[in-house]
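Chemist: The structure under discussion is supplied below as structure tokens; questions concerning it will follow.
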Amino acid sequence: MTDANTTIKAEIESQDVVVFMKGTPQFPMCGFSGQVVQILNYLEVPFKGVNVLDDMAIREGIKAFSNWPTIPQIYVKGEFVGGCDITREMFQSGELQQFLSEKGIPVKAAPTAA
């Protein structure tokens, strides 16, 4: 295993929800990373952001690690979930909230219809 893979694995195991992204949760550097941050913040899910722009080995290594060509990448309890489009679609359908709850991660309840 390469040093990048060792670092990636350690990051994934460091917290229940980890997002490999461009920029930071406070300052996303691309729209796709920003969308994922908005979704997780809306659901009040604590997560760790890993800025792939800080380390080219991590930026390229995460793509090989997950066999997924784009960034951001979301991991929940060590399991690769997907990128921005998958996360957005899961959120809109309610599947993301259910998935997170099943993994033992509390999410903000959606507003109920009157």
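Chemist: Taking the conditions exactly as written (surrounded by 16 or more Cβ atoms within 10 Å (Cβ to Cβ) and hydroxyl-bearing (Ser, Thr, Tyr)), does residue 101 satisfy them or not?
Modeler: no
Chemist: Which one is nearest to residue 35 (Cα to Cα), of the residues in region 53-93 that are open to solvent by less than 80 Å² (accessible area, probe 1.4 Å) and among the basic types (Lys, Arg)?
Modeler: 88
Chemist: Cβ contacts < 8 Å: first residue in contact (Cβ under 8 Å) with a residue 12 or more places away in the chain and open to solvent by 30 Å² or more (accessible area, probe 1.4 Å), restricted to region 25-41; second residue assigned to a helix (DSSP H, G or I) and hydroxyl-bearing (Ser, Thr, Tyr), any location; separation 6+ or different chain. Result?
Modeler: Cβ pairs passing all conditions: 35/87.
Chemist: Please find, among 58, 71, the residue that is touching a residue at least 40 places away in the same chain (Cβ under 8 Å) and within 10 Å of the chain's Cα centre (by Cα).
Modeler: Selected residue: 71, the only one of 58, 71 that is touching a residue at least 40 places away in the same chain (Cβ under 8 Å) and within 10 Å of the chain's Cα centre (by Cα).
Chemist: Condition test on residue 19, is it assigned to a loop (DSSP other than H, G, I, E, B), surrounded by 13 or more Cβ atoms within 10 Å (Cβ to Cβ) and aliphatic (A, V, I, L, M)?
Modeler: no
Chemist: Just the residues that are touching a residue at least 60 places away in the same chain (Cβ under 8 Å) and in a strand (DSSP E or B), please, taken from region 76-99.
Modeler: Result: 76, single match.
The values are calculated or read from the model by the stated rules, or taken from the named source; none is laboratory data. Keep in mind that what you see is a predicted model, and the values were worked out from it rather than measured. Cβ: placed from backbone, ideal geometry, glycine included. Neighbour counts: every protein chain shown. The accessibility values were calculated without ligands, DNA or RNA, using every heavy atom of the protein model including side chains. Shrake-Rupley method; radii C 1.70, N 1.55, O 1.52, S 1.80 Å.
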